[in-house]
1. Kindly list, by first and then second residue, each pair from a residue in segment 184-197 that is more than 16 Å from the ligand (Cβ to nearest atom) to a residue that is of a type in the set (A, V, I, L, M, F, W, C), limited to pairs with Cβ atoms under 6 Å and residues at least 6 apart or on different chains.
2. Only one residue in 170, 224 is surrounded by 17 or more Cβ atoms within 10 Å (Cβ to Cβ), assigned to a helix (DSSP H, G or I) and hydrophobic (A, V, I, L, M, F, W, C), so which one is that?
3. Do you know which residues across segment 234-262 are open to solvent by less than 10 Å² (accessible area, probe 1.4 Å) and farther than 20 Å from residue 215 by Cβ?
4. Which residues, counting only those in segment 9-22, are open to solvent by less than 100 Å² (accessible area, probe 1.4 Å) and either more than 25 Å from residue 173 (Cα to Cα) or out of contact with any helix residue (DSSP H, G or I) (no Cβ under 8 Å at 6 or more places or on another chain) (or both)?
5. Condition (residue is open to solvent by less than 10 Å² (accessible area, probe 1.4 Å) and either over 30 Å from residue 263 (Cα atoms) or touching a strand residue (DSSP E or B) at 6+ places or on another chain (Cβ under 7 Å) (or both)) applied to segment 60-79: is it met by at least one residue?
6. For residue 212, are the conditions met, namely being in contact (Cβ under 8 Å) with a residue 24 or more places away in the chain and either surrounded by 15 or more Cβ atoms within 10 Å (Cβ to Cβ) or away from the ligand (no atom under 16 Å from the Cβ) (or both)?
7. Working carefully through the options 97, 85, find the one that is in contact with a strand residue (DSSP E or B) (Cβ under 9 Å, 6 or more places away or on another chain) and not aromatic (Phe, Trp, Tyr).
8. Go through segment 133-167 and give me each residue that's in a helix (DSSP H, G or I), within 10 Å of the ligand (Cβ to nearest atom), within 25 Å of residue 266 (Cα to Cα) and not β-branched (Val, Ile, Thr).
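The values are calculated or read from the model by the stated rules, or taken from the named source; none is laboratory data. Bear in mind the structure is a predicted one, so any value in this text is a computation, not a measurement. Here the Cβ positions follow ideal geometry from the backbone for every residue, glycine too, while neighbour counts run over all protein chains shown. Surface accessibility is based on the protein's heavy atoms, side chains included, excluding ligands, DNA and RNA. Shrake-Rupley method; radii C 1.70, N 1.55, O 1.52, S 1.80 Å.
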Amino acid sequence: MEIITKVNQMQMLAKDIKKNNRSIGLVPTMGYLHEGHLTLVRASKRDTDVTVVSIFVNPIQFGPKEDFSRYPRDFERDRSMLEKECVDYIFYPSIDEMYQPDFSTTINVEGVTKNLCGASRPGHFQGVTTVVGKLFNIVLPDKAYFGEKDYQQLVTIKKMVKDLNFPIEIIGMPIVRENDGLAMSSRNSYLSEEERKSALCLYKSILLAKEMVIMGKKNIKDIIIAIEELIKKTPFTKIDYVKICDPETLECIEDGNIDGKKLLALAVFIGNTRLIDNAILEG
Ligand code: PAF
């Protein structure tokens, strides 16, 4: 496994790999890896000839009051996890390498970024699509892998790829959960023991919504109210949003019943840690 820190070196390597008719799989990450990331890596290893994992905590996708400076980082731990998975390359650039002082171009996907995290975290998705667009041009992947936990991110990247004609297949992989149901996230490491217990309210909300639908209680307002009550009863919590949306356009649906597939999306602060989760409800 080789560690590449320079953009032009990565680009040259990628061009050489393509010249030899070998396919490239990219797993973009911000490091502090967990089993969720490793399922993406394994899918890339299965599907493509050469797997590149990027590790870059992207400053431009964090708001001024968000956790950029305290975001967990442990390159040695990540490196040894990826070595065990037989990854071919880690792309590990510095901030200066990715963003020159005169950097002034961004990618902005409209529509699907309007609601949910797009509303709570202004500028976040512009930061994500800009860095992912750059990574695509640097690593030249045939396929790129993203987790469905960041559902809105996945929809946004698919839209960017379609609109801007990136010749890349975007592959979404199911959420990986801890044994008790908490969705895996690098941010779970912020939680105290007590907060960790409270964090289960996100998964419990999903189970409650699914149970209501199965019992025929499909009214969207009623489902949202039941979830909000469950979360409000849980210590250390503050709701950012509980929404039910169209899974493709991400337009929020306030009234009516669950019919067909709908996305339940949640963002909840547990103490100072903001966690997200989601599930498809099928009416
Ligand atoms: O999901 C993430 O870890 C990040 O948003 C990504 C896609 C690596 C872009 O920085």
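1. 191/199; 195/236; 195/270
2. On the way: 170 fails: assigned to a helix (DSSP H, G or I).
Criteria check complete, one pass: 224.
3. 245, 250
4. Kept after step one, since they are open to solvent by less than 100 Å² (accessible area, probe 1.4 Å), are these residues of segment 9-22: 9-11, 13-14, 16-18.
9, 10, 11, 13, 16, 17, 18 - these are the residues of segment 9-22 that are open to solvent by less than 100 Å² (accessible area, probe 1.4 Å) and either more than 25 Å from residue 173 (Cα to Cα) or out of contact with any helix residue (DSSP H, G or I) (no Cβ under 8 Å at 6 or more places or on another chain) (or both).
5. Taking segment 60-79 first, the residues open to solvent by less than 10 Å² (accessible area, probe 1.4 Å) are 78.
Now restrict to residues that are either over 30 Å from residue 263 (Cα atoms) or touching a strand residue (DSSP E or B) at 6+ places or on another chain (Cβ under 7 Å) (or both): 78.
Looking for residues that are open to solvent by less than 10 Å² (accessible area, probe 1.4 Å) and either over 30 Å from residue 263 (Cα atoms) or touching a strand residue (DSSP E or B) at 6+ places or on another chain (Cβ under 7 Å) (or both), one finds at least one in segment 60-79, hence yes.
6. Values: in contact (Cβ under 8 Å) with a residue 24 or more places away in the chain: no; either surrounded by 15 or more Cβ atoms within 10 Å (Cβ to Cβ) or away from the ligand (no atom under 16 Å from the Cβ) (or both): yes.
No; evaluated as a whole, the condition is false for this residue.
7. Details: 97 fails: in contact with a strand residue (DSSP E or B) (Cβ under 9 Å, 6 or more places away or on another chain).
The unique qualifying residue is 85.
8. Result: 149, 150, 153, 154.
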